[in-house]
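Below you'll find the structure, written out as structure tokens, and then a few comments.
Every number here is computed from the coordinates shown, using simple stated rules; none is lab data. The model shown is predicted, which means the values in this text are computed figures rather than measured ones. Reconstructed Cβ throughout: ideal geometry from the backbone, glycine too, with neighbour counts over all protein chains shown.
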Amino acid sequence: MVRVLIVEDERKLAQVLSSALEAEHYDVVVAATGEDGFYRANAELFDLVVLDLMLPGRSGLEILQTLRQRHVDAPVLILTARDGVDDRVLGLDLGADDYLVKPFALPELLARIRALLRRGRPSEVLRLKVADLELDLVSRRVVRGDRLVDLTGREFELLEYLVRHQGHLVSREMLARDVWKEPRRATPLDNVIDVQMARLRRKVDSDGALRLIHTVRGVGFVVREGEL
Amino acid sequence: MTRWWRTASIRVRLTAWYTAVLALMLVVYASVTFVAVRHEFYEQLEEEEHVEAAHSQQSAEQRVEQQLAEILLVLVLGLPVIVVLAGGGGYVLARRALSPIDRLAADARRITAERLHERLSVPNEHDEIGRLAAVINETFARLESSFDQLRRFTADASHELRTPLSVIRGIGELGLGETRRPAEYKEAIGSMLEEVDRLTRLVDTLLRLSRGDAGTVRLSPEPLDLAELARDVAASLGVLAEERQQRLVVNAVAGVPVVADRLVMREAIANVVDNAIKYGPSPSTIVITVNGSETQAVLEVTDEGPGISPQHRTRIFDRFYRVDEGRSRERGGTGLGLAIAKWAVEANGGHIALVSGPAGSTFQIVLPRE
């Protein structure tokens, strides 16, 4: 079982995080203070650490620095309320592997954690499949059952991203950053995402077949077999 | 002495200067007069000497001496009296001349942040005091308008934040009211999350604008092609135009190099184009034109909409300003798109303006070319 340490002093947030991670079958330990977090990360073995930067007592950056100096090499994902470039750069320089700015979307946190845990284990796939939908990543051909689905370049990238995350929620922020390569989710882009998603859905889920692309209101999208 | 001099009011200093100069001039004038009179007397005396020979010479000389002494006495005693009188007069004059300034100061003190609409009275706009008052009034007018803007912005911002908050609250209270089916709970939570999303984006945008105001945003200018950037935006937002049966056309000359921050400029152009798509009729055509001269690069976005009436034109770039109050919110806009565009263009050393033609609106972005 994958062990995750959450160092977060805000009680409600810590609770939400630990419930979300437990629902994904991680073994979760919560430390409510910097001291406690530092002690545990030092003494026990974790596969991943989620670290809040603003902690009473010992700051997240200090903890991170000391951990790295002592060769505790578990991947660290930092959470920060400040989205200034300096904070991020400092965190990454001190040895953090990824960061998220509060308020973040849970699907995004989960996706980042999966990515960090997957790291170093390259999984070169040439075909993706969900139910009767198949994507050939080399020829960029998409087949639903025995029907060829004709997609534009952007639609293909969007579908590929959704299918790669199949069974997991994908937020608009994730799509903006990973599919559209935009650092910021501005209003025009949001509308573009919605339009592209509607078109993709028409092409993929059109003929009364089993619906694969689902919208989760207020959260994002998910590709999966069967209803939610 | 110097300390007293600096703390003395202008009218005291003017009086002192005036008195000193007057005294000096009077002393010079009196001395010259005295010397001339004396010279005249002695010449007369010499003429009389020839006529009357030597007799009674002594007494004539004595008489002249005595008369001269009397004149000297009058001058020495009279001069200070005249100087003192003139000084007093000077003081009264200076006070009269400067009293409008005192009134101006008292007036200006009365005008505080809460009473910025008041103005100084300008008794005569052609004299120095009048011109000073006019200048101060202009400053007050500018202050008042920026105070107004700030106040409006704060009110608008709280309103914009309050709306999603009250929706979240309402849905939460309704949801907890009685037991409902799981699907209804999902619906309620989803709709709360949508509002949270709106709040998040609003706060992000406000934060960016306030960073822009504070000048703490670091741009990374790089050489880039404005025409290419325009095509890039058009390609990205093309689907939005398609959905509204609009044609998005880019008319660009080959290569318009500028030095600007790519991401920031891209956002500015995207916001302006998005605005044109939103408010342009369907079907219609939106044209993005990119031109360059020696000194500047110009990007224009023209729609075939109804245009923007003059009353809205000046405020269209204001934060939260909406031409049509009800329409924008349901389309997911924050009311900050053009404000962000304005900031982004100006941060890159350019300027943005609305230049409306006979039909439709044209937004013009001008960037300098070094």
query = Can you pull the Kirkwood radius for chain A, inverse mean 1/r over Cα pairs, to one decimal in Å?
reply = 19.2
ask   = Can you give the % of DSSP beta bridges in chain B that are antiparallel, to the nearest 5?
value = 75
task = Considering Cα pairs under 8 angstrom that are at least six residues apart, work out the relative contact order of chain B and quote it in whole percent.
result = 11
query = Along the charge dipole of the stretch A:25-68, which of A:Ser59, A:Tyr26, A:Gly37 sits closest to the positive end, that is, farthest toward it, with unit charges on the beta carbon of Lys, Arg, Asp and Glu (+1, +1, -1, -1)?
reply = A:Ser59
Distance (nanometres) between label positions extended 7 Å along Cα→Cβ at A:Leu45 and B:Ala113 = 6.1
key: Sum of side-chain charges, B:Met265 neighbourhood, beta-carbon under 14 Å (Lys, Arg +1; Asp, Glu -1)   = -2
task = Express in whole angstrom the spacing between the alpha-carbon centres of the stretch A:204-227 and the stretch B:175-199.
result = 20
inquiry  = For the stretch B:220-254 and the stretch A:110-184, what is the centre-to-centre distance using only Cα atoms, to the nearest Å?
reply    = 26
Estimated FRET transfer efficiency when R0 is 60 angstrom, pair B:Thr295-A:Ala115 (beta carbons, to 0.05) = 0.80
task = Given the options B:Pro310, B:Pro80, B:Pro223, state which has the largest fluctuation in a GNM of chain B using a 10 Å cut-off (strictly under) for Cα springs.
result = B:Pro80
inquiry  = Could you compute the net charge surrounding B:Tyr91? Neighbours are other residues with a C-beta less than 12 Å from the C-beta of B:Tyr91; K and R count +1, D and E count -1.
reply    = +4
request  = Quote the charge dipole size of the protein assembly as shown about the Cα centre in Debye, to the nearest 20; the model charges only the Cβ of Lys and Arg (+1) and of Asp and Glu (-1).
outcome  = 2260
note = Long-range amide H partners of B:Arg247, meaning residues 5 or more apart or on another chain whose placed amide H is closer than 5 Å, are B:Ser284, B:Thr285, B:Ile286
request  = Determine the percent antiparallel among the DSSP beta bridges restricted to the protein assembly as shown, to the nearest 5.
outcome  = 60
ask   = In whole Hz, what ³J(HN,Hα) sequence does the stretch A:33-45 give by Karplus (6.51, -1.76, 1.60; θ = phi - 60°), x for Gly and Pro?
value = 10, x, 4, 4, x, 4, 4, 5, 4, 6, 8, 10, 9
task = In whole Hz, with x marking every Gly and Pro, tabulate ³J(HN,Hα) for the stretch B:191-201 from phi via Karplus 6.51 cos²θ - 1.76 cosθ + 1.60, θ = phi - 60°.
result = 6, 5, 5, 4, 5, 4, 4, 4, 4, 4, 5
inquiry  = Can you tell me how the stretch B:235-348 classifies by the Cα gyration tensor, rounded, prolate or oblate, using a/c under 1.5 as the rounded cut?
reply    = oblate
ask   = Whose amide H sits under 5 Å from the amide H of B:Gly307, counting only residues 5 or more places off or on another chain, with H placed in the peptide plane?
value = B:Gly360, B:Ser361
note = Filtering GluC sites (Glu not before Pro) in the stretch A:85-143 by DSSP loop and by at most 15 other Cβ atoms within 10 Å leaves A:Glu124
inquiry  = Tell me the mean residue ellipticity at 222 nm calculated for chain A from its helices only (DSSP H runs of n ≥ 4, each -39500 (n - 2.57), averaged over every residue, nearest 500).
reply    = -12500 deg cm²/dmol
ask   = In a shell of Cβ-Cβ distance under 14 Å around A:Gly153, excluding A:Gly153 itself, what net charge do Lys and Arg (+1) and Asp and Glu (-1) give?
value = +2
request  = Write out the trypsin sites (Lys or Arg not before Pro) in the stretch B:146-239 meeting two conditions: DSSP loop, and at most 10 other Cβ atoms within 10 Å of their Cβ.
outcome  = B:Arg218
message = Explain nothing, just the number: dipole magnitude of the stretch B:165-265 about its Cα centre with +1 on each Lys and Arg Cβ and -1 on each Asp and Glu Cβ, in debye rounded to the nearest 20.
response = 80
J(HN,Hα) series, the stretch B:226-235, from Karplus relation 6.51 cos²θ - 1.76 cosθ + 1.60, nearest Hz, glycine and proline x = 4, 5, 5, 4, 5, 5, 4, 4, 4, 5
Shielding by other protein chains, B:236-243, mean Cβ within 10 Å = 5
ask   = By DSSP, what percent of the beta bridges with both residues in chain A are antiparallel, rounded to the nearest 5?
value = 50
message = Which of the three applies to the stretch A:1-113, rounded, prolate or oblate, going by the alpha-carbon gyration tensor with a ≥ b ≥ c and a/c under 1.5 meaning rounded?
response = rounded
Förster-model FRET efficiency, 22 Å R0, B:Tyr29 and B:Val64, C-beta, rounded to 0.05 = 0.50
Amide H partners (placed H, <5 Å) of B:Ala297, local residues excluded = B:Leu367, B:Arg369
key: Percentage relative contact order, the stretch A:1-62, counting C-alpha pairs under 8 Å, at least six apart   = 42
ask   = Taking square-rooted eigenvalues a ≥ b ≥ c of the alpha carbon gyration tensor, is the stretch B:154-272 rounded, prolate or oblate, where a/c under 1.5 means rounded and, failing that, a/b exceeding b/c means prolate?
value = oblate
key: For chain B, built as a Gaussian network whose Cα springs stay under 10 Å, the top-fluctuating residue of B:Leu237, B:Leu176, B:Leu150   = B:Leu176
message = For Cα pairs less than 8 Å apart in space and 6+ apart in sequence, what is the mean separation divided by the residue count of chain A, i.e. the relative contact order in percent?
response = 12
